[in-house]
1. Taking segment 235-257 only, how many residues are modelled with pLDDT of 95 or more, within 24 Å of residue 206 (Cα to Cα) and open to solvent by 30 Å² or more (accessible area, probe 1.4 Å)?
2. So residue 101 passes all but one of these: (1) open to solvent by 10 Å² or more (accessible area, probe 1.4 Å); (2) at pLDDT 95 or above; (3) polar (S, T, N, Q). Which condition number does it fail?
3. Across segment 72-122, what is the number of residues that are touching a Cys at 6+ places or on another chain (Cβ under 8 Å) and of a type in the set (A, V, I, L, M)?
4. Tally time: how many residues in segment 131-174 are open to solvent by 30 Å² or more (accessible area, probe 1.4 Å) and in contact with a Pro (Cβ under 9 Å, 6 or more places away or on another chain)?
5. Given (1) of a type in the set (D, E, K, R); (2) in a loop (DSSP other than H, G, I, E, B); (3) without any contact (Cβ under 8 Å) to a residue 12 or more places away in the chain, where does residue 112 come up short, assuming only one miss?
6. Give me the residue from segment 58-72 that is part of a strand (DSSP E or B) and modelled with pLDDT of 95 or more and, out of that set, farthest from residue 182 (Cα to Cα).
7. In segment 217-251, what count of residues is obtained for those that are touching a strand residue (DSSP E or B) at 6+ places or on another chain (Cβ under 8 Å) and without any contact (Cβ under 8 Å) to a residue 24 or more places away in the chain?
8. Scan segment 209-224 for residues that are crowded, with 19+ Cβ neighbours inside 10 Å and either charged (D, E, K, R) or at pLDDT 95 or above (or both) and jot them down.
Amino acid sequence: MRFVDISMDLHNHKSSAVQKLALTQIGLIFSLFSVVNSSNNTFAYSVANMNQLNPVVISSSGKQTATVIFLHGLGDSGNGWAEAMTRVRQAYVKVICPSATPMPVSLNQGFRMPSWFDLFTLDESGPEDDEGIKKAAKMVHSLIDREIEVYNIPSSRIALGGFSQGGALALYSAFTYDKPLAGVMALSCWIPLHKTFPAAAISNKDMPIMQCHGDCDPIVPLKWGQLTASILKSFAKNTELKTYRGMMHSSCDAEIKDLKKFMDVILPPV
C-alpha cells in the first residue's frame, strides 16, 4: 500500500477527547499499528517474553467474563490506549494493552522503535514482512490461549482491537486463529498480506468487525480503509466501515462512543 508519508504515533487519551502527540520525524515519518505478544509457560512463548511487553492490564471490577486485547501502533505503548479502553469497557471485561518491543524499522532507515513487525516499503505491490506478521499473529494467538486456559474465558468472549498497525494485526490474527472470537475493532488501519485473502482466512468469517477511519487521515488514507472493507466483504459476513468527518490519524469522541456501543453488543452480560 502507498501512503502519503510515514510517522510514528503516540496517542494520549484525556477526559473525553483523544489527542495525538507529535513524535520527532525521522526521514520518512511512519505510522502503522500491529500486534500483541504474550505468553505463558504452557504455550509457545514464555512468561519472560510477556513481561518484556510490559502489558497494561486493566482487571475487571467484578467477576471477569470477557477479555479485550487492544494493540497499539508504531512508536506507541500499551499506555497509549489504556485510558480510553477503560472508559468504554463494562465492569466484567478485562482489558490487555501490550507494548511492542523496540526493533529496527527498515522504512525508517533502521531506527529502533516499538513495532510489531518490520516495514519495508510504501508500495502496495511491494514486499511485506511476511515472517514478522505471522510471528506477531502467533503471539496474539498465544495471548488469547492464555486467557482461555488460565482464566477460563471462552474464545467467543474474547475480542481483538487495535489502531493503525495494531488494527491491521488484530484483523490478521483473528482470521488466522482457529477458534471463534467475539469480534474485532479495526481503527484507522488496513489488512496486511491482503493478497493472501480470502484463502488465509481459516475461521472467524462470521464474527462482527467494526472498521473506523477518519476522512482526513494523511497517514493511512481513507481509501485504504475502503479497500480493506471491500476485501473483507468478499469473504466476511458481518463487517461495517464507519467514517468520521475531519478526523485525521487519530481518534475522536464519536469514534469512542461507537467503540463502546460495539463492545456492549459483542460482549453482553452473561
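The values are calculated or read from the model by the stated rules, or taken from the named source; none is laboratory data. What you are looking at is a predicted structure, and each value in this text was computed from that prediction instead of being measured. All Cβ positions, even for glycine, are placed from backbone atoms using ideal geometry, and neighbour counts span all protein chains on display. Ligands, DNA and RNA are stripped out before the accessible areas are found, and what is left, the full protein with its side chains, is counted by its heavy atoms. Shrake-Rupley method; radii C 1.70, N 1.55, O 1.52, S 1.80 Å.
1. 7
2. Result: residue 101 fails condition (2) only.
3. Qualifying residue count for the region: 2.
4. Selection size over segment 131-174: 3.
5. So residue 112 meets the others, but not (2).
6. Pass one, segment 58-72, residues part of a strand (DSSP E or B): 58, 66-71.
Still in the running and modelled with pLDDT of 95 or more: 66-71.
Details: 66: 9, 67: 9, 68: 9, 69: 11, 70: 13, 71: 16 Å.
Top of the filtered list is 71.
7. Qualifying residue count, segment 217-251: 4.
8. At the first step, the residues of segment 209-224 found to be crowded, with 19+ Cβ neighbours inside 10 Å are 209-214, 217, 219-221, 224.
Of everything in segment 209-224, those that are crowded, with 19+ Cβ neighbours inside 10 Å and either charged (D, E, K, R) or at pLDDT 95 or above (or both) turn out to be 209, 210, 211, 212, 213, 214, 217.
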